[in-house]
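K.L.:
So that we are looking at the same thing, I have put the structure below in structure tokens.
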Amino acid sequence: MKLSPSFNRSLWVFHVNSGSCNGCDIEIVAALCPRYDPERFGIKLVGSPRHADVLLVTGPVTHQMRDRVKRVYEQMAAPKVVMCVGTCGQSGGVFYDSYNLDGPIDQVIPVDVYVPGCAPRPEAIIYGVVQAIAKLERLEKEVSS
Amino acid sequence: MIESFTLSTGFGAWNAVFWVIAFVIAFIIGWIIWSRGEKTYDTSPGATAPFLSGNAEPEKEAVHIRAGNLYWGYTDALAGYYKFVKPFHTGNLSDYFLAYLFVTALVLIVVVILK
Amino acid sequence: MRATMTPQELADRFIRKFGSRVSNIQVKERREGVKKLPQKTVWMTVSREDLNDAVAELISIDYPHLGVIAASDNGDMIDLLYHLQVFFGGKHEEICVVFTVQVPKSDPHVPTISGLIPGAVYSEREKQDMIGVTVDGIPDSRRIFLPDDFPEEIYPWRKDEKGIPPSMVKELWKVDRPTDRPVPPVAEPEPVEKKEPEPAKEAPSGGAAE
């Protein structure tokens, strides 16, 4: 897997939990820990969406979180990639018929990469990040051209 | 011209023209750095809003700090005194006038008797 | 060792103090885990007027840990179960005491215990939101888990007409593929060949003798 020169040293990730049970959050943090060590590629978790390239969204979007996820997405700078981690954001997961949810995540913000699983293994999340990098390279070429 | 603007104190000299030149140079440096920035950023109100973990920006009245809040230390330290004095301020003008009379009488007694 | 009495002694103390105001006392001891360690519970039903007295009596034994106030819809009544634990801290010493309070749906009020146990406010607020029990005297009666624009008379845990109507159930799983991107290729599953079952081998002792 070849990283393009623009993202040679840094692919910064911001994580938003839109009401999940935290299982996917734990797997995301596990993917960032020294066992898999994505920090040697420069992938790190940042505290503000303005610093981030990739938005990791977990959880089905509860009613209270819907506006906040939208705002966080708008506050990220282009080029940006949204990854939906876990099946809750894709089809509701175990909360498939709840009264308090506002649709799967792609009804709220446009999603680029889906990582299914409940919770997905860290290897699956890393594979999703690889796909996200490839998509980011394509987007960067489009933005600069 | 520079000599006419120079003000010489006991320890050195002070000249407003140098200040103006310094500000101009600082402004030019700042402008060069600003002009090399990214111009193609998104200017819509959603993108330029402050990041508050996704929450909406509160209205200005909710986060406004009034002038009375600035000297809170003074107000906090004298809270005991204020608690004692506040009930006395009834807003009734006759009460205040009575207080004025009492104080005047006290001052006269002190001045006359104790000389 | 904080435990000063066995569960049966605790139940007897409640019977002595409250007499007939407390009913249906059961002392259960279950065994949990591989080592079959004991887990002691005392269940009793109290009326809502005696609830504060019962909690005060329990506080005089040992200040309890309020786990949760569980609620369930029982036809005409709503059961509120106050799960409290006393003598916690040591291994398997704790006694779980459960006060069951039955509240009629026609008059769904229950007094608050937050005067004695301030942390009960959260669980009581949750009951107000979720099953519609009004807690009298609660210091803070905002919504706790449901959004502020949730409709007023709908209580998610109820099984009668005040529960969640079908119009509020959102079917998130009815999604189609996204249309703004090419469909990813789906790999053909490899054909599984049926193998002939092999003839039964000799007894394993034949191999061990080798």
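K.L.:
From A:Arg40, A:Arg50, grab the single residue that is over 18 Å from A:Val113 (Cα atoms) and without any contact (Cβ under 8 Å) to a residue 12 or more places away in the chain.
P.N.:
Of the residues listed, the single one that is over 18 Å from A:Val113 (Cα atoms) and without any contact (Cβ under 8 Å) to a residue 12 or more places away in the chain is A:Arg40.
K.L.:
For B:Ile65, indicate whether it is under 30 Å from A:Ala78 (Cα atoms) and more than 14 Å from chain A (Cβ to nearest Cβ).
P.N.:
It is false that B:Ile65 is under 30 Å from A:Ala78 (Cα atoms) and more than 14 Å from chain A (Cβ to nearest Cβ).
K.L.:
Do you know which of the residues in segment A:89-107 that are touching a Gly at 6+ places or on another chain (Cβ under 9 Å) and more than 9 Å from every other protein chain (Cβ to nearest Cβ) is nearest to C:Pro178 (Cα to Cα)?
P.N.:
A:Ile105
K.L.:
How many residues are within 33 Å of the chain's Cα centre (by Cα), closer than 30 Å to B:Trp72 by Cβ, of a type outside the set (D, E, K, R) and assigned to a helix (DSSP H, G or I) when one looks only at segment B:82-109?
P.N.:
6
K.L.:
So in segment B:12-60, with the set limited to residues that are away from chain A (no Cβ under 13 Å) and part of a loop (DSSP other than H, G, I, E, B), which one is farthest from A:Met65 (Cα to Cα)?
P.N.:
This residue is B:Gly12.
K.L.:
Could you run through segment A:62-87 and say how many residues are free of Cβ contacts under 8 Å to residues at least 60 places away in the same chain, within 12 Å of chain B (Cβ to nearest Cβ) and touching an Asp or Glu at 6+ places or on another chain (Cβ under 9 Å)?
P.N.:
6
K.L.:
Does B:Val24 meet the test of being of a type in the set (Val, Ile, Thr) and touching a Phe, Trp or Tyr at 6+ places or on another chain (Cβ under 9 Å)?
P.N.:
no
K.L.:
Tell me the residue from C:Lys17, C:Lys35, C:Lys40, C:Lys28 that is in contact with a His (Cβ under 9 Å, 6 or more places away or on another chain) and over 30 Å from C:Lys162 (Cβ atoms), please.
P.N.:
C:Lys40
K.L.:
Tell me the strands (runs of 3 or more DSSP E) entirely within segment C:8-111 that contain at least 2 residues that are surrounded by 15 or more Cβ atoms within 10 Å (Cβ to Cβ) and of a type in the set (Ser, Thr, Tyr).
P.N.:
C:37-46
K.L.:
Let me ask you something else. Name the pairs: first residue in segment C:55-67 and closer than 19 Å to C:Met1 by Cβ, second residue surrounded by fewer than 16 Cβ atoms within 10 Å (Cβ to Cβ) and charged (D, E, K, R), Cβ to Cβ under 7 Å, at least 6 apart or on different chains?
P.N.:
C:Asp62/C:Arg2
K.L.:
Any idea how many residues of segment C:164-183 are facing chain A (nearest Cβ under 10 Å) and part of a loop (DSSP other than H, G, I, E, B)?
P.N.:
Residues flagged as facing chain A (nearest Cβ under 10 Å) and part of a loop (DSSP other than H, G, I, E, B) within segment C:164-183 amount to 12.
K.L.:
Quick one: how many residues across segment A:32-49 are assigned to a helix (DSSP H, G or I) and farther than 23 Å from A:Ser20 by Cα?
P.N.:
4
K.L.:
B:Ala13 - would you say it is at pLDDT below 85 and either small (Gly, Ala, Ser) or more than 30 Å from A:Ala77 (Cβ to Cβ) (or both)?
P.N.:
So B:Ala13 fits the description; yes.
K.L.:
Does segment A:31-46 contain at least one residue that is in contact with a strand residue (DSSP E or B) (Cβ under 6 Å, 6 or more places away or on another chain) and within 14 Å of chain B (Cβ to nearest Cβ)?
P.N.:
Checked against the condition, which is being in contact with a strand residue (DSSP E or B) (Cβ under 6 Å, 6 or more places away or on another chain) and within 14 Å of chain B (Cβ to nearest Cβ), segment A:31-46 yields at least one hit.
K.L.:
Could you list all residues from segment C:79-127 that are aliphatic (A, V, I, L, M), more than 28 Å from C:Met1 (Cα to Cα) and in contact (Cβ under 8 Å) with a residue 24 or more places away in the chain?
P.N.:
Correct list: C:Leu80, C:Val101, C:Val103, C:Val110.
K.L.:
One residue is enough: does segment A:124-135 have a residue meeting the conditions within 12 Å of another protein chain (Cβ to nearest Cβ), part of a helix (DSSP H, G or I) and either free of Cβ contacts under 8 Å to residues at least 40 places away in the same chain or among the basic types (Lys, Arg) (or both)?
P.N.:
Yes, that holds for at least one residue.
K.L.:
Suppose we keep only residues that are assigned to a helix (DSSP H, G or I) and free of Cβ contacts under 8 Å to residues at least 24 places away in the same chain within segment A:88-106. Which one would you say is nearest to C:Leu146 (Cα to Cα)?
P.N.:
Filtering first and then ranking leaves A:Ser91.
K.L.:
Here's a follow-up. Which condition number in (1) of a type outside the set (S, T, N, Q); (2) at pLDDT below 90; (3) more than 30 Å from A:Lys70 (Cα to Cα) is the one that B:Val63 fails?
P.N.:
Looking at each condition in turn, B:Val63 falls short on (3).
One line per residue, one yes/no per condition, for (1) closer than 25 Å to A:Arg138 by Cβ; (2) at pLDDT below 90:
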| position | (1), (2) |
| --- | --- |
| A:Asn17 | no, no |
| A:Cys21 | no, no |
| A:Arg40 | yes, yes |
| A:Val61 | no, no |
| A:Val85 | yes, no |
| A:Gly92 | no, yes |
| A:Phe95 | no, yes |
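K.L.:
Only one of (1) touching a strand residue (DSSP E or B) at 6+ places or on another chain (Cβ under 9 Å); (2) of a type in the set (S, T, N, Q); (3) modelled with pLDDT of 90 or more; (4) outside any helix (DSSP H, G or I) fails for C:Ser141. Which number is that?
P.N.:
Result: C:Ser141 fails condition (3) only.
The values are calculated or read from the model by the stated rules, or taken from the named source; none is laboratory data. Note that this is a predicted model, so its numbers are computed, not measured. Note that we place each Cβ from the backbone using ideal geometry, even for glycine, and neighbour counts take in every protein chain shown.
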